[in-house]
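Some notes on the structure that comes next.
The values are calculated or read from the model by the stated rules, or taken from the named source; none is laboratory data. Remember, predicted model here, so these are calculated numbers, not experimental data. Here Cβ is always computed from backbone atoms with ideal geometry, including for glycine, and neighbour counts include all displayed protein chains. With ligands, DNA and RNA removed, areas are computed over all heavy atoms of the protein, side chains included. Shrake-Rupley method; radii C 1.70, N 1.55, O 1.52, S 1.80 Å.
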Amino acid sequence: MRIQYDETAGIFRLDTEKTSYIIGLADEKRFIGHVYYGKRISDTDVGYLMRTNESPFVPSQNNRDRSSFFDAFPMEYPGSNTGDFRESALEVLDAGGHEAVELSYRRHRIFAGKPALPGLPATFGVDTSDGEKECLTLEILAEDACIGLEATLRYSIFADVDAVVRSVSLRNVSQESIFLTKVMSASVDMDQEDYKMLTLQGSWARERHLDFRQIGYGKQSVGSVRGESSHQEHPFLALVSENATQEQGEVYGFHFVYSGNFLAQVEKTQFDSLRVQIGIHPKNFRWKLGPGECFDAPEAVLVYSSQGLGGMSRSLHDLYRNHLIRSPYKDKKRPILINNWEATYFDFDTEKLLAIAREAKKAGIEMLVMDDGWFGDRNDDNTSLGDWTVNEKKLPGGLKYLVDQVNQIGLKFGIWFEPEMISPQSRLYREHPDWAIAIEGRVPCRSRNQYVLDLTRPEVVEYVWQAVSAVLGSANIEYVKWDMNRQLTDPGSLFLGRENQGELSHRYVLAVYELQERLTREFPELLLENCSGGGARFDPGMLYYSPQIWCSDDTDAVERLSIQEGTALLYPLSTMGAHVSDCPNHAVGRVTPFVTRGHVALAGTFGYELDITKLSGEDRALIPEQVAMYHKYNDLIRNGDYYRIASCRSNHLWDCWEVVAKDKGEALVTCVQVLGRPNYHSRRIRLSGLKPDLRYRNEETGEVLYGDTLMNAGILIPGMWGDFQSRLIHLTAVEADESK
Ligand code: GLA
């Protein structure tokens, strides 16, 4: 890892172990250009890639055709309305009512470490034991002297991961307010080389399915204007070379460390170049920056892989495990929980919960989580959000009594909250109707019969904090599921001034971060799981606060294969909330074997979401085995390297993934047969990531084979009888002396 500046050539280069990111200063060091990002290269003086020696000439030599320069120059952070007609990264409205902005290089600094982004989640470096910093940062200061706006373009790299993280801070150095109307966090200009665009698409109960498309001229994008990162589209896009596979080919991944509105876009231009951008969605965004004030845009993560999609996944997994997740649980096995949502929905009381807890304890489960319905008058989803006092009709003796009983049974206790919401039918709304997000004079849109709290109001944030912390302080609660079950509409605040209404969506996200920061600080041992109607806020921003996020309300083992494939494309398996639930599945009505449900949930945090007191004897009897399986494999699954072997999304028949220990001493392969195939022989699977000259024992068959045999010749998985069958294959390296 190194960051260098070549003064003569005006070139910055950031090198990770396998990648180079190169920025150039062009035309008397005035313009900041993007030179190269990709596989690590040896030369530094590669400014020729900016094509400034070709016609059209740079403005200092050919000012009569300045516009030709702007039409084609690969801008590192393009402004708007001064000649570059491609998509801008930065847009403003200045005091004179004009919308032009153009940044010029001023100075830079390179230093060890990485500053935090105030109020925002971001990756961080950790000092190594020998006092060395494990990350480096380049800050380039640029300015638009005409309107008095300074921009700091920030880049950090890490010693142990091939990733470049970027952010931008803007400072108003003028005497008047400037409105920021668009601030992208990253913009990269590159040549088109037959890349496809990969995004993650979905809906409620089918989040994050992989979707590939051709890149055409003009703009193609994904985004969210729903106030959260969303079920539908994901703050991510990748450019994938035409023939890329899981382990070969080039992939550029762009991922956004943010939980609100986003835009991720590729523009293909007249010269066949691409401009890729990711950042806060400009729709509804207008930020008033007073004189002297600073705006920090969230962080974007860039990963280049020459080892296919798998290479990108493993870099992101390591980045998030080592440099983003902070929870004390991040390196620990999580307690196996049983959640009562699909077991009881709103229809529960202390006795029912205790019955579940008793049976769960016998099966080896370690924590009971009480979901929605424990507060106010909430017997369905029409009321009481905001009234965070225990419903003593359901829970006589209160929360403390219940928690003490559960603890006595020998289980930990966890609880569900939806702190950002307010039901029109609640004491809170009767007292503070102005606390809901709404536009004055317009009846706001309801969703699940609820409104969203206006978290731009400090007193609302304080109320939420007091409500949540009072409940957590009242009993021995060791886990919180923090839910968010509707999207933001009617973006108006009865608190913010006229000129600040366009700040609502971003201020909302900042307030969520502030609340979760406080929660994790004041209750440092708490295990926090984020959730949003399933997985609508599964993003790197939330991972900074919670080491796991509920992946989807769809717990069907087959649908989960695609959801978890898409999620694991970017996120470590340790972060994917996954439970075994009852059948027919509540989301799709499908019946799958209990064993398969266990194998699929094992790829995530693992837990249960069913009424264990009503389960068939056959399924119930399998739980202790599954608990043992979790304890046996979870260290490997949490910490290992992930390889995708086959995807039922594309082959419609079977799904397979593998986790290999970092030291290559162990591997676990999970294979699910989605559709049984008549008259078909065993399936041959070629493994990945093993050490070629190490011998591995297949625990089931006893066979011992070299890593190179397992990876190139492969193994045979005998045919499985019926649909939805699954199998685990555990391989352990044979000790050196044993293998002689
Ligand atoms: C959301 C969550 C579910 C459950 C319900 C409760 O849909 O994703 O797991 O907690 O809310 O209302």
Among residues of segment 90-134 being out of contact with any Ser or Thr (no Cβ under 9 Å at 6 or more places or on another chain) and in a strand (DSSP E or B), the residue farthest from LEU170 (Cα to Cα) is ASP127
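In segment 231-289, which strands (runs of 3 or more DSSP E) lie fully inside it and hold 2 or more residues that are in contact with a helix residue (DSSP H, G or I) (Cβ under 9 Å, 6 or more places away or on another chain) and at pLDDT 95 or above?
Details: elements: 236-241, 251-257, 262-268, 273-280, 287-289.
Those strands (runs of 3 or more DSSP E) span 236-241, 251-257, 273-280, 287-289.
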Task: Test result for SER185, closer than 30 Å to SER447 by Cα and buried (at least 22 other Cβ atoms within 10 Å of the Cβ) - done: no
Restricting attention to segment 668-692, the residues that are in a strand (DSSP E or B), in contact with a helix residue (DSSP H, G or I) (Cβ under 8 Å, 6 or more places away or on another chain) and of a type outside the set (A, V, I, L, M, F, W, C) number exactly 1
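Select from segment 482-509 the residues that are outside any loop (DSSP other than H, G, I, E, B) and hydrophobic (A, V, I, L, M, F, W, C) and list them in ascending order. Spell out the reasoning first.
Of the residues in segment 482-509, the ones outside any loop (DSSP other than H, G, I, E, B) are 482, 498-509.
Across segment 482-509, the qualifying residues are TRP482, LEU504, VAL509.
Out of curiosity, is GLU559 of a type in the set (D, E, K, R) and either within 13 Å of the ligand (Cβ to nearest atom) or touching a strand residue (DSSP E or B) at 6+ places or on another chain (Cβ under 8 Å) (or both)?
On the way: of a type in the set (D, E, K, R): yes; either within 13 Å of the ligand (Cβ to nearest atom) or touching a strand residue (DSSP E or B) at 6+ places or on another chain (Cβ under 8 Å) (or both): no.
Taking the combined requirement at face value, the residue does not satisfy it.
Of the residues that make up segment 330-351, is at least one among the small types (Gly, Ala, Ser), closer than 15 Å to ASP611 by Cα and in contact with a strand residue (DSSP E or B) (Cβ under 9 Å, 6 or more places away or on another chain)? First the steps, then the outcome.
Our first condition is that a residue be among the small types (Gly, Ala, Ser); within segment 330-351, this holds for 343.
With closer than 15 Å to ASP611 by Cα added as a condition, the list becomes 343.
Restricting the remaining residues to those that are in contact with a strand residue (DSSP E or B) (Cβ under 9 Å, 6 or more places away or on another chain) gives 343.
Among the residues of segment 330-351, at least one is among the small types (Gly, Ala, Ser), closer than 15 Å to ASP611 by Cα and in contact with a strand residue (DSSP E or B) (Cβ under 9 Å, 6 or more places away or on another chain), which makes the answer yes.
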The number of residues in segment 654-667 that are part of a loop (DSSP other than H, G, I, E, B) and more than 14 Å from MET711 (Cα to Cα) is 4
Filter result for GLU228 (among the charged types (D, E, K, R) and open to solvent by 10 Å² or more (accessible area, probe 1.4 Å)):
no
Within segment 147-154, can one find any residue that is of a type outside the set (Lys, Arg), touching a residue at least 60 places away in the same chain (Cβ under 8 Å) and either in contact with a His (Cβ under 7 Å, 6 or more places away or on another chain) or open to solvent by 10 Å² or more (accessible area, probe 1.4 Å) (or both)?
-> no
Checklist entry - Could we say that HIS586 is touching a helix residue (DSSP H, G or I) at 6+ places or on another chain (Cβ under 9 Å) and closer than 30 Å to LEU316 by Cα here? => result no
Test result for LEU302, open to solvent by less than 10 Å² (accessible area, probe 1.4 Å), in contact (Cβ under 8 Å) with a residue 60 or more places away in the chain and part of a helix (DSSP H, G or I)
no
Q) What about GLU440, is it in a loop (DSSP other than H, G, I, E, B), away from the ligand (no atom under 15 Å from the Cβ) and free of Cβ contacts under 8 Å to residues at least 40 places away in the same chain? A) no
How many residues of segment 693-720 are in contact with a Gly (Cβ under 7 Å, 6 or more places away or on another chain) and either aromatic (Phe, Trp, Tyr) or assigned to a strand (DSSP E or B) (or both)? The answer is 1
Per the filter on segment 470-520, residues open to solvent by less than 30 Å² (accessible area, probe 1.4 Å), closer than 19 Å to VAL225 by Cβ and within 16 Å of the ligand (Cβ to nearest atom) are MET484, ARG486
Wholly inside segment 536-653, helices (runs of 4 or more DSSP H) that include 3 or more residues that are open to solvent by less than 10 Å² (accessible area, probe 1.4 Å) and of a type outside the set (Lys, Arg) are 540-543, 557-568, 594-602, 617-639
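Let's see how each residue does on (1) among the acidic types (Asp, Glu); (2) open to solvent by 10 Å² or more (accessible area, probe 1.4 Å):
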| residue | (1), (2) |
| --- | --- |
| ASN172 | no, no |
| SER177 | no, yes |
| ARG206 | no, yes |
| GLU242 | yes, yes |
| PHE285 | no, yes |
Scanning segment 358-372 residue by residue, those out of contact with any Asp or Glu (no Cβ under 8 Å at 6 or more places or on another chain) and assigned to a loop (DSSP other than H, G, I, E, B) turn out to be GLY364, ILE365, GLU366, ASP371
In segment 521-533, anything touching a helix residue (DSSP H, G or I) at 6+ places or on another chain (Cβ under 9 Å) and within 15 Å of the ligand (Cβ to nearest atom) is listed as LEU528, ASN530, SER532
Scanning segment 687-715 for residues that are surrounded by fewer than 15 Cβ atoms within 10 Å (Cβ to Cβ) and within 35 Å of the chain's Cα centre (by Cα), the one nearest to ARG590 (Cα to Cα) turns out to be GLU699
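Would you check if there is a residue in segment 393-416 being part of a loop (DSSP other than H, G, I, E, B), within 13 Å of the ligand (Cβ to nearest atom), open to solvent by less than 20 Å² (accessible area, probe 1.4 Å) and in contact (Cβ under 8 Å) with a residue 40 or more places away in the chain?
Going through segment 393-416, the residues part of a loop (DSSP other than H, G, I, E, B) turn out to be 393-397, 410-411.
Narrowing the set further to residues that are within 13 Å of the ligand (Cβ to nearest atom) leaves none.
No, because not a single residue in segment 393-416 is part of a loop (DSSP other than H, G, I, E, B), within 13 Å of the ligand (Cβ to nearest atom), open to solvent by less than 20 Å² (accessible area, probe 1.4 Å) and in contact (Cβ under 8 Å) with a residue 40 or more places away in the chain.
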By residue number, the members of segment 116-138 that are in contact with a Leu (Cβ under 7 Å, 6 or more places away or on another chain) and open to solvent by 30 Å² or more (accessible area, probe 1.4 Å) are GLY119
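Against the condition out of contact with any Leu (no Cβ under 8 Å at 6 or more places or on another chain) and of a type outside the set (Ser, Thr, Tyr), how does GLN214 come out, does it pass?
Working: out of contact with any Leu (no Cβ under 8 Å at 6 or more places or on another chain): yes; of a type outside the set (Ser, Thr, Tyr): yes.
When the stated conditions are applied, GLN214 passes them.
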Given the conditions (1) among the aliphatic types (A, V, I, L, M); (2) within 16 Å of the ligand (Cβ to nearest atom); (3) under 18 Å from the mean Cα position of the chain (by Cα), every one holds for LEU543 apart from (2)
When segment 356-385 is checked residue by residue, the ones that are within 13 Å of the ligand (Cβ to nearest atom) and open to solvent by less than 10 Å² (accessible area, probe 1.4 Å) are VAL369, MET370, ASP371, ASP372, GLY373, TRP374, PHE375, ARG378, SER384, LEU385
Log entry, pairs with first residue in segment 245-265 being closer than 16 Å to PRO121 by Cβ and of a type in the set (Gly, Ala, Ser), second being outside any loop (DSSP other than H, G, I, E, B) and modelled with pLDDT of 95 or more, beta carbons closer than 6 Å, six or more apart or on different chains, reads SER259/VAL509; SER259/GLY541; SER259/MET542; GLY260/SER505; GLY260/VAL509
When LEU353 is run through (1) open to solvent by 40 Å² or more (accessible area, probe 1.4 Å); (2) away from the ligand (no atom under 12 Å from the Cβ), the failure sits at (1)
Counted residues in segment 49-96 being open to solvent by 30 Å² or more (accessible area, probe 1.4 Å) and of a type in the set (Phe, Trp, Tyr) come to 2
